[in-house]
1. Mind checking the mean number of beta-carbon atoms from other chains within 10 Å of the Cβ atoms in B:3-12?
2. I need the peptides A:114-122, A:130-138, B:54-62 ranked by packing, meaning the mean over residues of other C-beta atoms within 10 angstrom, with the highest value on top.
3. Can you give the net charge of the other residues whose Cβ lies under 11 Å from the Cβ of residue A:54, counting K and R as +1 and D and E as -1?
4. Is there a simple number for the mean count of other chain Cβ atoms within 10 Å of the Cβ of residues in B:22-29, and what is it?
5. By its C-alpha gyration tensor, with a ≥ b ≥ c as the square roots of the eigenvalues, how is region B:2-75 shaped: rounded for a/c under 1.5, else prolate for a/b larger than b/c, else oblate?
6. Quote the FRET efficiency, to the nearest 0.05, computed for residue A:20 versus residue A:172 with a Förster distance R0 of 56 Å and r equal to the Cβ-Cβ distance.
7. If Lys and Arg each add +1 and Asp and Glu each add -1, what is the summed charge of the other residues whose beta carbon sits under 11 Å from the beta carbon of residue B:18?
8. In whole angstrom, note down how far apart the Cα centers of region A:71-150 and region A:10-34 are.
Amino acid sequence: MAEIISVDKSAKTVEEAIIAALEELGISRERALIEVLEEPKSGLFGIGSKHALVRVTRQVEEIEQIEEIKEIDQVEAVARALLARYDDTLRLSVEKKGESYLLDIVSPEPARFIGKHGETVNALQFILSLLLAKQGLHVRCLLDSGDYRSHRERTLKQMARRLADRVSRIRRPYTMPPLPPMERRVIHLALQDRTDVKTHSEGDEPYRKVIIEPGPSEGLAPRPPRQDRSSDDRPRRAYSPQQRAPRYGGGSERRPPDRDRSYDSGPRRPPGDRPTGPRPTEVRPPREERPREEDEPISIPSPMAPSKKWIAPAAPQGPYSPKASLRYRPSRKP
Amino acid sequence: MKELVEYIVKNLVDHPEQVEIVEAKDEQGNLVLQILAAREDVGKVIGKNGRVIKAIRTLLKNQAARNNILANVTIE
């Protein structure tokens, strides 16, 4: 019924025919394309009179809307068929947003369903898009569970803005940690309207990174490259991995992506909103000294020394459980 | 478990009638699913840089962990 695209109707007058045709399609006049195929002829005393013939066609958007409705059903059918075989505790709802489909999945165990860094949702999304493509549906579909993706997107946008502000201030490019394509897209889109920074990506796929660069400077000379300090003789702290000063105060942006909760360090404080007065001095309890054995050599771990070779422990026996795998993880400390 | 792999693979290839999934056990007694497919379909099951088979393994591992078994997929 809703799939009829056009109808031909004849009636005594053009007007009557149009009304009849619109009724049959169930649409209003504004959403229809009306062609008059034959004008009515009144004839003489009923002889040679002809009815009016009109063709009423749904407008293009109308047709597209019908196709979309069918497409969304197909997407949902494929997704349901896959999920039924995957995990029958999942609940699915499908929604169209712009050009892509949003599939929200409610799971009793969202953490397990999403996987580490969304590994499992992404795998499922990839398989789903393959199955849809095989059915001739080349659409973008996004799998989400709860607000995982929207939360992540918010975090990424916040991070992008914060880093862009800094790049534009210090006028040096900044390389972000490696991100998957979808998340890089979020960064590029978040910064595309800014004139003070430019973004591009470098590297190969699993480690491709977004680089935020300062934009063209207006009247400002580009900042000179970092000075070569190899020849000066400033006193320098001895290298020790534990005592290394954090880069850029905290360095939360430099962390590898597998600790990504650290991105969400909250909104920045405005510059004026800082506590004034002297900084409270930190009181540190004295370190407990372990009495040294007489013959024990003093060993300082050197970062350049080859790491001690460890022998892999025996594979865990019995049924697999994630906790067991944690227990068997070999310690790096000797 | 087997149904999941079978469904995915059969809906991915050009010759679903030639797809066969064989259940087997490895030395440790873990479940191994072996996918048998037509020669020209093997590439489709594996995917560019192993993307497809990696995704299948991820899903399978996720389900297997829930049921306390280990599962692996091999292709022939």
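Where a number appears in this text, it was derived from the coordinates with a stated rule and is not lab data. Just so it is clear, the model here is predicted, and its values are computed rather than measured. No Cβ is skipped: glycine too gets one built from the backbone with ideal geometry, and neighbour counts run over all protein chains shown.
1. Working: counts 3, 7, 1, 1, 7, 7, 0, 0, 9, 5.
Mean partner-chain Cβ count within 10 Å for B:3-12: 4.
2. Numbers: A:114-122: 17.9, A:130-138: 14.1, B:54-62: 20.6.
So the peptides A:114-122, A:130-138, B:54-62, ranked by packing, come out B:54-62, A:114-122, A:130-138.
3. Surrounding charge for residue A:54 is -4.
4. 1
5. Because a/c hits 1.5 or more and a/b exceeds b/c, region B:2-75 counts as prolate.
6. Values: r = 72 Å, r/R0 = 1.28.
That gives a FRET efficiency of 0.20.
7. -3
8. Their Cα centres are 42 Å away from one another.
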